[in-house]
Amino acid sequence: MNWITKIIKAGEKIKTAVRERVTAKDLAESPWTSCTCMSGPMLKKDLKANLFVCPSCQKHHRISPQDRFSILFSNNYEIIKTPIPKDDILGFVDTKSYKDRLKSARKNTGLDCSMVVATGALNKINITAIASEFGFLGASVASAEGEAFLAAAQHAIENKHPLVVFTAGGGMRMQEGMISLSQMPRTTLAINELKKNKIPYIVVLTDPTAGGITASYAMLGDIHLAEPGATVAFAGKRVIEGTVKEALPMNFQTSEYLRDKGQVDLVVERKDIPKTLETLLSILLKKNSDISSEQNETTELSIETRKEAS
């Protein structure tokens, strides 16, 4: 064994020791965090004050549904309780049971499932909103998430609220098999009901949105917004490259790439999302006074023009 090999092995031992000593709880309780741009450590409170956007590279970090609703509704919102079906109908077990995985996810996040529904207002426009917690089994969609989506759609229809969905997650949850996959047509049918009732359905794509989520409710919006740099995909980039046998662009499957290809309408920074949604909904619902007055002026002018012509 030469000296280089000894150094490499020693380094691996040190890494292993550090990993074993630094637990997830330690990281959660630490006041410090960092970004992938390696700009150095930063205080979590400073990152939160900047809406969880790195001040150096502008990366939009993943955030919890509670933080998402706080930003959207200026801390004034109400969580809607959604149905929770019976756990683990299939009795799925891999390295550990699905019941244990759910128990652990609920303990770590304080949520019953990965999808949270809330209601609040943007400049007197009442909204029903959905956001997902990536820390809950990768925000994968199973029966409980499907029930949450349907409950949100029903609430939006009954109260005539526009429905805004902040997508995130790796797709359908494999531990529930076909039960999980059935949430794709279920959410699609719910969206069709929104459209029948002329309820606006706006999707905000966040990092990451993938798999069956992209193949269903994430791409069925009346309008699609996206946060900068968000990964939006069905299959992974390496899987596609291996299939088509050619290199793909560096920015492939980013929100900017999808915007340039016509799949996303606007890429909007997190701080601008509430105002952008307010503007769009004001137009769609004809609740903006400036727009209404401008339309009235145009209508009156056209009537006078027709009178003069006759």
Inset, instruction - Residues being on the phi < 0 side of the Ramachandran plot and assigned to a helix (DSSP H, G or I): count how many of those fall in region 151-182. - result: 16
Legend entry - Looking only at region 112-121, and only at residues there that are more than 13 Å from the chain's Cα centre (by Cα) and either part of a loop (DSSP other than H, G, I, E, B) or of a type in the set (Lys, Arg) (or both), the one that is surrounded by the fewest Cβ atoms within 10 Å (Cβ to Cβ): Asp112
Legend entry - Filter result (crowded, with 24+ Cβ neighbours inside 10 Å and among the charged types (D, E, K, R)) within region 122-142: Glu133
Inset, instruction - Only residues that are acidic (Asp, Glu), exposed (fewer than 14 other Cβ atoms within 10 Å of the Cβ) and assigned to a loop (DSSP other than H, G, I, E, B): list them for region 222-249, please. - result: Glu246
Legend entry - Residues of region 260-283 satisfying the condition of being basic (Lys, Arg) and either buried (at least 19 other Cβ atoms within 10 Å of the Cβ) or farther than 21 Å from Thr231 by Cβ (or both): Arg270, Lys275
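Against the condition of a type in the set (S, T, N, Q), surrounded by fewer than 24 Cβ atoms within 10 Å (Cβ to Cβ) and farther than 28 Å from His61 by Cα, how does Asn159 come out, does it pass? Walk me through how you get there before you give the answer.
Details: of a type in the set (S, T, N, Q): yes; surrounded by fewer than 24 Cβ atoms within 10 Å (Cβ to Cβ): yes; farther than 28 Å from His61 by Cα: yes.
It is true that Asn159 is of a type in the set (S, T, N, Q), surrounded by fewer than 24 Cβ atoms within 10 Å (Cβ to Cβ) and farther than 28 Å from His61 by Cα.
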Legend entry - Selection from region 69-93 of residues that are closer than 27 Å to Gln175 by Cβ and in contact (Cβ under 8 Å) with a residue 60 or more places away in the chain: Ile80, Thr82, Pro83, Ile84, Pro85, Asp88, Ile89, Leu90, Phe92
Legend entry - Filter result for Gly146 (within 30 Å of Met250 (Cβ to Cβ), at pLDDT 95 or above, more than 13 Å from the chain's Cα centre (by Cα) and in a helix (DSSP H, G or I)): no
Inset, instruction - Run down Glu294, Glu269 and say which single residue is over 26 Å from Ile191 (Cβ atoms) and at pLDDT below 95. - result: Glu294
Legend entry - Complete set of residues in region 97-111 that are within 15 Å of Arg173 (Cβ to Cβ) and assigned to a loop (DSSP other than H, G, I, E, B): Leu111
Inset, instruction - Take region 185-201 and flag every residue that is buried (at least 19 other Cβ atoms within 10 Å of the Cβ), part of a helix (DSSP H, G or I) and aliphatic (A, V, I, L, M). - result: Ala190, Ile191, Leu194
Legend entry - Among residues of region 44-68, those that are farther than 23 Å from Met115 by Cα and free of Cβ contacts under 8 Å to residues at least 60 places away in the same chain, counted: 10
Legend entry - Selection from region 84-98 of residues that are surrounded by 12 or more Cβ atoms within 10 Å (Cβ to Cβ) and either more than 21 Å from Leu150 (Cβ to Cβ) or not β-branched (Val, Ile, Thr) (or both): Pro85, Asp87, Asp88, Leu90, Phe92, Val93, Ser97, Tyr98
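Can you confirm whether region 256-265 contains a residue that is over 22 Å from Ala148 (Cβ atoms), in contact with a Lys or Arg (Cβ under 9 Å, 6 or more places away or on another chain) and among the charged types (D, E, K, R)?
Restricting attention to region 256-265, the residues satisfying the condition of being over 22 Å from Ala148 (Cβ atoms) are 256-265.
Subsequent filtering for residues that are in contact with a Lys or Arg (Cβ under 9 Å, 6 or more places away or on another chain) retains 265.
Filter once more, keeping what is among the charged types (D, E, K, R): 265.
Checked region 256-265: at least one residue is over 22 Å from Ala148 (Cβ atoms), in contact with a Lys or Arg (Cβ under 9 Å, 6 or more places away or on another chain) and among the charged types (D, E, K, R).
The values are calculated or read from the model by the stated rules, or taken from the named source; none is laboratory data. Computed from a predicted structure; not experimentally measured. Every residue, glycine as well, gets a Cβ built from its backbone with ideal geometry; the counts of neighbours run over all protein chains shown.
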